[in-house]
Structure formats: C-alpha cells, structure tokens
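Structure record follows, encoded as structure tokens.
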Amino acid sequence: HAHAHAHAARQLPLCALLPAAGGAGRRRRAAHAWALSHQPCRMSAPCLGTLLRAGAFLVDMAHLDELGLPLGGGNPHFGALDNPAAPGRSVGGGASGAAVAVAVGHADFAVGSGTVGGLCVPASHCGLFALRPTHGVVSLDGVCTLTPSLDVVGLIAKNATVMLAAASTLLQVPPPRAPPRVRVLVAQDAFRLAEDDGGYSRSSTGISAAGALLRAIFAEEASAIVGEWMRAYEEIAGEPPRLGAEAAPWAASAPRLADRERLRGALAEALDTLLAAHEDSEDALAILCMPAAPPPTPLDEAARDSAYGERGFALSALASLTGCPQIVVPVGAYADEGSTLPLCVSFLARRGRDLTLVKAIQRLPDISAEIRG
C-alpha cells in the first residue's frame, strides 16, 4: 500500500480547501460566535495531514453555511456566494465555499464535511464531482462534528481524474482497476422529483419517509451539540450567540427516536441486499442512480424554502442513513426559465466500495447509455 499511496500522491493536485476540518493555526469557522469562543487549532486534522504529506497545498479556508446546518448555501455572518455555474442561483450548502472555489478554479479539489447533502448539493448546483465516502473510513478527529452518526469527510473535485487521485490519498488505498461490469439501477421514486416538484412527497412515499427519518436523527444530534455549545458560549459572553434564521431552529431540543437504529439498520440491509443481488461476481459493481440535489437549481431565496429542504433531506437520506458511498457526476446541462443549469446525477454503491465507485464513473458514457436504455 505504501508504494501505491506514494504513486497516487505524485498525481495529487497542489490545491485544496478545507471548510470544516481544522488546519494548524486556523479556527474552524462555522459562525462568527463560534470563532470568538474557540482557540485556533493547534494541529491539522489527520485527514488534512494525509493530503498535505502527499503533496497537496492548502490555499485557504472556505465559506460554510452557518454551523454547517442549512442547505441553502448562505451565511448571515459572511454573506452570500455567487454560483459561477448558474448566476443568480443557489450554490447550496453546507460546503458552499468549497464548491465555488473549485468551480472558479481557485482549487483543483476541496475537502469538506458532509452530513445531509453538504457535499453533494453544492457540487450538483455548481456542476462538479463530489464524493461522500463510506461512513467511518475517514477519521473525524479534528473535524467540527455536527451529527456524529451521519458526518463524513469527503471531496469536491473539478474532474474525475483529480477525484480519483485525491480520494485514493484521503482513503489511503491504492486505486483499483475499473470494474469490468457495472450494473446501473435507477431510483425511479427519486427521479419523480424532477417531474413533479409539488407532488413529490405524495408520489414518492418511500423516499419521503426516509427523509423524515433523516431529519429527525439530524435534529436530535445537531440540537444536542449546538445546544451544548450555546450554553457554554452564554457562560463566557453573558448572552446567547445570535444565530441566523436558517440555523436557529436546529438549536431547539429534539426528542430521541426510540427505534432509530433499527430503522437505519433495516434500510442499510435492504440497500445492500438490493445491490448485492445484481453483483454476480466479485469484480462486478452494482450502483444506484438518483438525483444529487433537488432540481431545478433554485434561486437564492428559494433555497431557503422549507419544501426545498424537505426534498433535500429525502434525496440525501439513503447515503446519510446507510453510510454507503455516494458520488456526484456532472452529465450535461438543462434549461430552466431562460437559464442554462448544470445537470448532475449521483451513484450509490455498497459500503466500502468507494474507490471502485470512483473508478467506475470513468465508464460514464457506457453507464449513461445503460440508464437511457
């Protein structure tokens, strides 16, 4: 592995951004009040150190949705971001700054945290590649965890070649050979979102139920961590921190679901069984295709709408709840109200097949033909 890892490092681009993990001498900025109540990091997060030792160069820290909480891509403490791929449209969150930096060419790839679409949504809105890896394969040490059972450290990249080099280094696994056979399954209920925006929750009950479960778990874990920080901040500052309108609701206490682990386990088993049933040999790969983010890419103000958030949770639910790897791939463009917007899809694979999934997207023309067929 050491030799293969070094080989991957020589191909690694020289630019990376990190919106959530700490770099030495820097505060992990989630919000202005957060920065005031935390000392600068004394050392880099191990995941960042892995990339730096392999030859990556950290150019800067990136904009993040307030506390990484909403999906809209805005932060009242640092201002809104323009979407370079779709002017006037939302970037999406939470790793909004990371996506913009890659989209405009400031970085070849970015490192970010993903909880509920935090990597996949901004990558999709900006027409980029993103990888949400298998939960637990990348250390969260030194990272601002918001919901520990959901959080991952992942990547946003400008193309598939950069993604493979960065992912191989971050996961510390040599690139595998491309799977000779890729079987694509299509999540039709998820794609109904593109056909019937308003009726999505009625026509896609299964994925909507998963989204509701994800929202409940997210609220439970996020409110516990944010609430603890808010109490500590108030003791220091004499007043509670001022949160923006999008982040504030997530600070409210949320109840624990008694059977959350049973439900998650059942969903993970069902997905694994589905994909495994279509892998007839060890070198075959079955992947599930679904939208990466709610279409169309919304206007900035529409991204803060509750309906957009509900659909975002629903589309993020399978990867977030099961912990399986998910990759976002740009496949073209589409028109909406006179604007040309990036068109991206995502693919999910079985847990642990992260790099095989990344390698498989190099066969995208063949995969796209199978989807159309």
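Points to keep in mind about this one:
- Residue within the range 215-224 that is in contact with a helix residue (DSSP H, G or I) (Cβ under 6 Å, 6 or more places away or on another chain), among the hydrophobic types (A, V, I, L, M, F, W, C) and modelled with pLDDT of 90 or more present: yes
- If you filter the range 227-242 down to residues that are assigned to a loop (DSSP other than H, G, I, E, B) and free of Cβ contacts under 8 Å to residues at least 60 places away in the same chain, you find that the one that is surrounded by the most Cβ atoms within 10 Å (Cβ to Cβ) is P240.
- Just one of the listed residues (A245, A266, A251) is aliphatic (A, V, I, L, M), at pLDDT below 90 and open to solvent by 30 Å² or more (accessible area, probe 1.4 Å), and it is A245.
- In the range 317-350, the residues that are among the small types (G, A, S), crowded, with 24+ Cβ neighbours inside 10 Å and closer than 22 Å to A160 by Cβ: A319, S346, A349
The values are calculated or read from the model by the stated rules, or taken from the named source; none is laboratory data. Being a predicted model, the structure only gives us computed values, none of them experimental. Using ideal geometry, Cβ is built from the backbone for each residue, glycine included, and neighbour counts are taken over all protein chains shown. Side chains are part of the model used for accessible areas, which takes the heavy atoms of the whole protein and leaves out ligands, DNA and RNA. Shrake-Rupley method; radii C 1.70, N 1.55, O 1.52, S 1.80 Å.
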